[in-house]
Amino acid sequence: MSNIINLPKIPIGKWVDAFVVFLSTYFGGFFDLVTEVGETIIVSFSDALLWAPPIITILVLAGLIGLLTNYKIALGTTIGLLLIYNLGMWEPGMNTLALVLSSTVLALVIGIPIGILTAWNDLADRISRPVLDFMQTMPPFVYLVPAVILFDIGEVPAMVATVIFAMPPVIRLTGLGIRQVPAELIEAAKAFGSTRHQMLIKVQIPLALPTIMAGINQCIMLALSMVVIAAMIGAGGLGGEVLRGLQRLDVPRGFESGLAIVIVAIILDRITQNIKVRRGAKAS
């Protein structure tokens with residue numbers, strides 16, 4: 001078959017490599033600035049979570065979660081965080097939570113406005129679809145190589161790769177939720193003289209909030225799924241513990257750090273789901 005069809009290879013990989021080298025050569029100052037800002041964000045979250053003794057932090061988090069959700073979620077969070085503390089995974093657990101929160105915040109800041117744009121503009125929606133398909137189907141390991149070249153080893157390239165990997169659901173579901181707002185309500189808002197931004201803030205976003213919250217939930221879960229992968233480029237945290245357990249064939253360490261990741265995932269999932277249900281009920 002190779003003798004019959006002898007087509008030249010399209011050098012896509014070389015093109016991408018040349019583009020990454022171009023970015024690192026001519027925009028190095030910009031990426032240094034992004035690195036500094038990213039480190040500041042991650043360190044701020046991490047310091048806030050590790051500033052007080054673990055028991056105090058657990059009680060404060062449980063109280064905040066109880067206000068946002070209900071006492072059952074708060075109780076479950078307390079038990080889960082106490083187990084993480086008992087396993088000796090408190091500091092890596094909080095570092096992981098800081099990385100997930102930082103990545104999620106950046107993904108929301110970038111993704112929600114893009115989602116609103118895709119709901120307002122059909123051309124933007126058509127352009128974004130193949131890009132989002134590419135972002136969602138590309139193996140997450142692939143993001144690590146250019147991230148390391150542009151941002152060096154550490155938590156910042158891990159955060160950048162996580163943001164790219166976790167952002168598509170936010171964009172898709174934000175646009176979907178706004179497009180699904182009944183046209184009758186839009187017409188009624190226009191009849192009362194609402195501007196486009198007033199309709200967005202007072203009509204579209206409140207009614208689309210359950211769908212947007214589903215996107216936020218998926219974003220958090222995808223960000224957390226990058227924890228172990230990001231540990232390969234120096235992200236540390238629970239992913240680093242899992243990686244060290246794998247490298248040393250340390251079953252207890254690997255299982256306990258994996259269990260801590262599961263606990264964090266369940267806590268974040270229950271929080272976002274419960275907020276979604278409560279606010280969705282208010283919006284309806």
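The values are calculated or read from the model by the stated rules, or taken from the named source; none is laboratory data. These numbers come from a predicted model, not from an experiment. Positions of Cβ are backbone-derived with ideal geometry, glycine not excepted, and every protein chain shown enters the neighbour counts.
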- Query: Do any helices (runs of 4 or more DSSP H) entirely within segment 10-106 hold 3 or more residues that are under 22 Å from P157 (Cβ atoms) and touching a helix residue (DSSP H, G or I) at 6+ places or on another chain (Cβ under 6 Å), and if so, which?
  - Reply: 28-50
- Note on the structure: Contact list, first residue from segment 201-214 and among the charged types (D, E, K, R), second anywhere and at pLDDT below 85, beta-carbon distance below 9 Å, six or more apart or interchain, is K202/A189; K202/S194
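Here's the yes/no breakdown for (1) exposed (fewer than 13 other Cβ atoms within 10 Å of the Cβ); (2) within 22 Å of G239 (Cα to Cα); (3) free of Cβ contacts under 8 Å to residues at least 40 places away in the same chain; (4) in contact with a Pro (Cβ under 9 Å, 6 or more places away or on another chain):
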site	(1), (2), (3), (4)
T118	no, no, no, no
D122	yes, no, yes, no
M138	yes, yes, yes, no
D152	no, yes, no, no
E155	no, yes, no, no
- Task: Kindly check whether there is at least one residue in segment 232-251 that is surrounded by fewer than 19 Cβ atoms within 10 Å (Cβ to Cβ), over 16 Å from the mean Cα position of the chain (by Cα), in contact (Cβ under 8 Å) with a residue 40 or more places away in the chain and closer than 23 Å to T104 by Cα.
- Result: yes
- Are any residues in segment 172-201 surrounded by fewer than 18 Cβ atoms within 10 Å (Cβ to Cβ), charged (D, E, K, R) and touching a helix residue (DSSP H, G or I) at 6+ places or on another chain (Cβ under 7 Å), and if so, which ones? R179
- Report yes if some residue within segment 223-243 is touching a Pro at 6+ places or on another chain (Cβ under 6 Å), of a type in the set (D, E) and assigned to a helix (DSSP H, G or I); otherwise report no. yes
- Item | Residue satisfying condition, being in a helix (DSSP H, G or I), farther than 30 Å from N121 by Cβ and touching a Leu at 6+ places or on another chain (Cβ under 6 Å), within set I261, I271 | I261
- Item | Single condition Q204 does not satisfy, out of (1) modelled with pLDDT of 80 or more; (2) within 23 Å of the chain's Cα centre (by Cα); (3) crowded, with 18+ Cβ neighbours inside 10 Å | (2)
- Message: Anything in segment 43-54 that is in contact (Cβ under 8 Å) with a residue 24 or more places away in the chain and either within 16 Å of L268 (Cβ to Cβ) or surrounded by fewer than 12 Cβ atoms within 10 Å (Cβ to Cβ) (or both)? List them, or say none.
- Response: F45, L49
